[in-house]
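Trainee: Submitted below is the structure of interest, expressed as structure tokens.
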Amino acid sequence: MLRALLDSLGRQTLDLDVPVELCIVVVDNDAAESARPVIDAARTSMRWPLHSAVEPVQNISRARNRAIAVACTAAAEWVAFIDDDEIASPRWIAELARAQRTYAADVVAGPVGARYPDGAPSWLVESNRLLARTVRRTGERIVMAQTGNVLVSTRLLGSLGMPFDPAFGCTGGGDSHLFLRARLAGARMSWAAEATVVETVLLSRTRIQWVVRRAFRIGNCSVFVDRAVLPPTRWLPRRLAMGVARVALGVGLLLSGLLRGRGAIVGGLWQLCQVAGSLAGVLGLRYVEYTRVHGE
């Protein structure tokens, strides 16, 4: 997947009227440097300078912080994040840069689509469609972003101290923690609908067991993000209200599954498992997801 990602970055088309000097940074979060052969092969054909580093401690936040440090060493003014299981569209960087300039944003995020493997169950596609977020327009203000597709000012990253908290490095939520702090600091965050990337969905992530565990993790780490930044009076009432709404929606989807099929049932389980994860977070119980590596 890293090879496919680097190939897509090598095919980026930049606009002449939006000057961008591009370099690529890859951080191998493995002391054994398992990504070295792919990185070395890509370096011989990459159109852009390709920098690499190793973060031996397996922790997503530490790896992202290392990537920022390498980028800043190269005097980068902006850092665009993308995950190693994604493929960037040819105009990904160009559209992020164009939206940033047009809307004077400190953060620009774009959509992440899904590419399902052969044999993916129909209920997965249907449940994802039921849970899809509202389509946003380019330039629309947003209150949250994710590192799967986002452009961030290094000035903003520097103002936040340690950008990604290692406490979230094995649980997830480090990007939510970062962008919540950015929003509270007054950062302007905008959407770029044309800056698209596609995530490869692995077969190991097409099973109901994985889907409900992911929902539980999202609900769980979202509470710990709030707890780390906000006083209880700011987040607890909102979480309780969201929990009631999700329970109602989840039960409704489960019941509609009798007519709409398995996709609606899985959508209902997703909502209820998010509530369960949030409740565990309120009680101080933390779920650690990122101890297993998926894919190759």
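Trainee: Considering Thr291, Thr200, which residue is out of contact with any helix residue (DSSP H, G or I) (no Cβ under 6 Å at 6 or more places or on another chain), under 27 Å from Glu86 (Cβ atoms), at pLDDT below 90 and polar (S, T, N, Q)?
Mentor: Thr291
Trainee: Follow-up question, since we're still on this one. Criterion first (crowded, with 19+ Cβ neighbours inside 10 Å and more than 24 Å from Thr200 (Cβ to Cβ)) does Asn29 satisfy it?
Mentor: No.
Trainee: Could you say which residue among Glu140, Glu126 is over 16 Å from Arg188 (Cβ atoms), acidic (Asp, Glu) and in contact (Cβ under 8 Å) with a residue 40 or more places away in the chain?
Mentor: Matching residue, one of Glu140, Glu126: Glu126.
Trainee: crowded, with 20+ Cβ neighbours inside 10 Å, assigned by TED's automatic domain parsing to the domain that holds Ala195 and in a helix (DSSP H, G or I) - does that describe any residue in region 6-26?
Mentor: yes
Trainee: Right, here's the next one. Kindly indicate whether Ala80 is modelled with pLDDT of 95 or more, out of contact with any helix residue (DSSP H, G or I) (no Cβ under 7 Å at 6 or more places or on another chain) and among the hydrophobic types (A, V, I, L, M, F, W, C).
Mentor: no
Trainee: Select from region 253-281 the residues that are out of contact with any Gly (no Cβ under 7 Å at 6 or more places or on another chain), farther than 17 Å from Arg207 by Cα and at pLDDT below 95 and list them in ascending order.
Mentor: Leu255, Ser256, Leu258, Leu259, Arg260
Trainee: For region 195-296, give me every one of the helices (runs of 4 or more DSSP H) that falls completely inside it and has 3 or more residues that are over 21 Å from the mean Cα position of the chain (by Cα).
Mentor: In region 195-296, the matching helices (runs of 4 or more DSSP H) lie at 232-260, 262-282.
Trainee: In addition: If you check every pair at least six apart or on different chains, which have Cβ atoms under 6 Å apart with a residue in region 223-239 that is within 17 Å of Phe164 (Cβ to Cβ) and assigned by TED's automatic domain parsing to the domain that holds Asp165 first and a residue that is surrounded by 17 or more Cβ atoms within 10 Å (Cβ to Cβ) and at pLDDT 95 or above second?
Mentor: none
Trainee: Which of the residues that make up region 241-264 are closer than 14 Å to Arg129 by Cβ and either in the same structural domain as Ala120 (by TED's automatic domain parsing) or of a type in the set (A, V, I, L, M, F, W, C) (or both)?
Mentor: Leu253, Ala264
The values are calculated or read from the model by the stated rules, or taken from the named source; none is laboratory data. Keep in mind the model is a prediction, meaning the values are calculated, not measured. Quick reminder, even Gly has a Cβ in these numbers, built from the backbone with ideal geometry, and neighbours come from all protein chains shown.
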